[in-house]
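*Asks:* I'd like to ask some things about the structure below.
The values are calculated or read from the model by the stated rules, or taken from the named source; none is laboratory data. Computed from a predicted model, the values in this text were never measured in an experiment. Counting neighbours? That spans all protein chains shown, and the Cβs are built from the backbone with ideal geometry, glycine included. The accessibility values were calculated without ligands, DNA or RNA, using every heavy atom of the protein model including side chains. Shrake-Rupley method; radii C 1.70, N 1.55, O 1.52, S 1.80 Å.
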Amino acid sequence: MIQSAEQEKVSTRPFGMRDQIGYMIGNIGNDLTFGFAGSFFMVFYSNLMGVSPSIIGVLFGVARLVDAFTDVGMGAIADNSRTTENGKFRPWLKRIAIPVGVASIMMYNIYIMDWALSTKIIYMFITYILWGSICYTAINIPYGSLASVITANPEGRAKLSTFRSIGSMLVAAIIGYVVPNIIYTQDGQVIPNNFFWLSIVLGALAALAYFICYLMVEERVELPDTNEKFSFKEFFSDLVVLFQNKSFVGLMLATMFHLLGLIAFQQLLQYLFIDYFQDTTLLPYAGLAMSFGGLAAAPFVGVITKRFGKKEAGATSLIAGGLMYIITFFLKIENPIYYVLIVLVSNLIMGYFTMTMYAYVTDVIDDYQITEDDRKDGTIYSVYSFIRKVGQALAGLIAGSSLTLIGFQESVGTEQIVQTAEVSERVYGLATLIPGTALLVAGLLLLFLYPLGKDRVDKNQEILKEMQ
């Protein structure tokens, strides 16, 4: 049997609140660029640059094909990198902080507005892939892998997951509430200069957040250093074993559909308020409602997990949240105030899963170590990161293609097209049925395919304690 990777090395200080806050700030860095792109990238290119939403959807698909190599490749690089005096994964935060911030800013360059459409599309493809498939991947995968080496204690890891999710919720509140107030006029017209300068601020803040995380967290778990050269044969052999692991496959599929529903909703929410309600005044509050659900659930995560288990509680929250959006489709809400209230309730229902989603990954890593007699923190997290991006890509592909199919007309510059009443009604259907169906499927997959229920997770923790 392998020697457990759960043994903590001598540290200058014990694990505590400094690490938790630092790790949270690192995820703020992640989501400042990821959340901005997830909600507003499509609007920028469809409503300012005149690019068809279906072409933007194709971009998301192409980028994910690139990610199939860069994500898992970065996971292997992280796993095989040498441990320095500053740790194995932590140094990557300092190396890539500035590149990922600059790459994000480049995506929202308003000075290409007068370029030929084909040139703008090429620029869009290059900058998006540079940001998401290269720079973001190079920093996000080591960041995610940090959770398993900051502490070996299961409760400490759960706290890291909770603080990471709090960081996500804080950014979601900022992105959802502040951004619409800056980039839109009241009637939904996009303000180009504000969009560009906001991207600069968010890119700079993201880089700063990574540096702060680097300074605040510390790696304590001693991982075995390897002098072996990277082997594609061994790497793909590890992937084959990984995709035969039921807990891994169950979580990956549930995660993919969860992200599909969440990101599709965030993207379509912009068009819903612009074209269906024809009033963006309450759009910031809808964004705020999405983040409030998770924050409201945070104090109860420990109690719910201890009583019911992550699998059981998470599946219930996803199924109920998905059904809420499907019911909303049949209600045909016309008042945006009522719609914001529905968004608030549905996200309160899903708040538990939102706050614990990263803790499932550490459960899978531990289960893999027990069942396969091996530990692959970086590889597992890299594939998890890739699956999250697949969910994002499917969201963009489905949302973009659906908008084109219902007759949505893209705009160029500040003179934006008003959609027909028929198209606006169809936007409402897309913004309710797509997220509702995806979230419902995610919950069912977690319930019936993911095997790590409360009893098995508790048993795995006992086995790992014995291995220490």
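*Asks:* Mind listing whichever residues of the range 132-167 are among the small types (Gly, Ala, Ser) and modelled with pLDDT of 85 or more? Give the steps one after another, and end with the answer.
*Replies:* Of the residues in the range 132-167, the ones among the small types (Gly, Ala, Ser) are 132-133, 138, 144-145, 147-148, 152, 156, 158, 161, 165, 167.
Scanning the range 132-167 gives GLY132, SER133, ALA138, GLY144, GLY167.
*Asks:* While we're on this one: Using beta carbons and a limit of 7 Å, which pairs, at least six apart or on different chains, have the first residue in the range 308-324 and not in a helix (DSSP H, G or I) and the second one not small (Gly, Ala, Ser)?
*Replies:* So the pair list comes out as GLY309/LYS454; GLY309/VAL457.
*Asks:* Given the conditions (1) in contact with an Asp or Glu (Cβ under 9 Å, 6 or more places away or on another chain); (2) crowded, with 22+ Cβ neighbours inside 10 Å; (3) more than 30 Å from ASN80 (Cα to Cα), which single one is not true for GLN278?
*Replies:* (2)
*Asks:* While we're here: Do we find that GLY391 is under 17 Å from the mean Cα position of the chain (by Cα), over 28 Å from LYS246 (Cβ atoms), surrounded by 21 or more Cβ atoms within 10 Å (Cβ to Cβ) and not charged (D, E, K, R) in this structure?
*Replies:* Details: under 17 Å from the mean Cα position of the chain (by Cα): yes; over 28 Å from LYS246 (Cβ atoms): no; surrounded by 21 or more Cβ atoms within 10 Å (Cβ to Cβ): yes; not charged (D, E, K, R): yes.
When the stated conditions are applied, GLY391 does not pass them.
*Asks:* OK, next. Among the candidates LEU433, LEU447, which residue alone is at pLDDT 90 or above, open to solvent by 50 Å² or more (accessible area, probe 1.4 Å) and either among the aromatic types (Phe, Trp, Tyr) or under 18 Å from VAL364 (Cα atoms) (or both)? I'd like the intermediate steps shown before the answer.
*Replies:* Details: LEU433 fails: either among the aromatic types (Phe, Trp, Tyr) or under 18 Å from VAL364 (Cα atoms) (or both).
Among LEU433, LEU447, only LEU447 is at pLDDT 90 or above, open to solvent by 50 Å² or more (accessible area, probe 1.4 Å) and either among the aromatic types (Phe, Trp, Tyr) or under 18 Å from VAL364 (Cα atoms) (or both).
*Asks:* Something else now. Can you tell which of TYR111, TYR143, TYR123, TYR128 is assigned to a helix (DSSP H, G or I), of a type outside the set (Asp, Glu) and buried (at least 24 other Cβ atoms within 10 Å of the Cβ)? Let's see the steps before the verdict.
*Replies:* Numbers: TYR111 fails: buried (at least 24 other Cβ atoms within 10 Å of the Cβ); TYR123 fails: buried (at least 24 other Cβ atoms within 10 Å of the Cβ); TYR128 fails: buried (at least 24 other Cβ atoms within 10 Å of the Cβ).
Selected residue: TYR143, the only one of TYR111, TYR143, TYR123, TYR128 that is assigned to a helix (DSSP H, G or I), of a type outside the set (Asp, Glu) and buried (at least 24 other Cβ atoms within 10 Å of the Cβ).
*Asks:* Can I ask one more? Out of all the residues in the range 345-362, which are farther than 15 Å from TYR325 by Cα, aliphatic (A, V, I, L, M) and touching a Ser or Thr at 6+ places or on another chain (Cβ under 6 Å)?
*Replies:* Hits for the range 345-362 are MET355, ALA359.
*Asks:* Can you pull out the residues in the range 150-164 that are assigned to a helix (DSSP H, G or I) and within 14 Å of GLY22 (Cα to Cα)? Break it down stepwise before answering.
*Replies:* Start the filter on the range 150-164 by keeping residues that are assigned to a helix (DSSP H, G or I), which leaves 150, 154-164.
If the condition is that a residue be assigned to a helix (DSSP H, G or I) and within 14 Å of GLY22 (Cα to Cα), then ILE150, GLY156, ARG157, LYS159, LEU160, SER161, THR162, PHE163, ARG164 are the ones that fit.
Quick grid of which residues meet (1) in contact (Cβ under 8 Å) with a residue 24 or more places away in the chain; (2) outside any helix (DSSP H, G or I); (3) surrounded by 24 or more Cβ atoms within 10 Å (Cβ to Cβ):
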position: CYS135; (1), (2), (3): yes, no, no
position: ILE182; (1), (2), (3): no, no, no
position: ILE200; (1), (2), (3): yes, no, no
position: LEU205; (1), (2), (3): yes, no, no
position: ALA209; (1), (2), (3): yes, no, yes
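*Asks:* From LEU59, LEU65, LEU32, grab the single residue that is at pLDDT below 90 and either open to solvent by less than 40 Å² (accessible area, probe 1.4 Å) or under 23 Å from ILE380 (Cβ atoms) (or both). I'd like the intermediate steps shown before the answer.
*Replies:* Values: LEU59 fails: at pLDDT below 90; LEU32 fails: at pLDDT below 90.
Exactly one residue qualifies, and that residue is LEU65.
*Asks:* Next question. For LYS332, indicate whether it is of a type in the set (D, E, K, R) and within 19 Å of LEU446 (Cβ to Cβ). It would help to see each step written out before you state the result.
*Replies:* Numbers: of a type in the set (D, E, K, R): yes; within 19 Å of LEU446 (Cβ to Cβ): no.
It is false that LYS332 is of a type in the set (D, E, K, R) and within 19 Å of LEU446 (Cβ to Cβ).
*Asks:* Can you report the number of residues in the range 287-327 which are under 22 Å from ALA173 (Cα atoms), open to solvent by 40 Å² or more (accessible area, probe 1.4 Å) and among the aliphatic types (A, V, I, L, M)?
*Replies:* So the count comes out to 3.
*Asks:* Inspect all residues belonging to the range 358-372 and state whether any of them is part of a loop (DSSP other than H, G, I, E, B), under 30 Å from ALA76 (Cα atoms) and modelled with pLDDT under 85.
*Replies:* Yes - at least one qualifying residue is present in the range 358-372.
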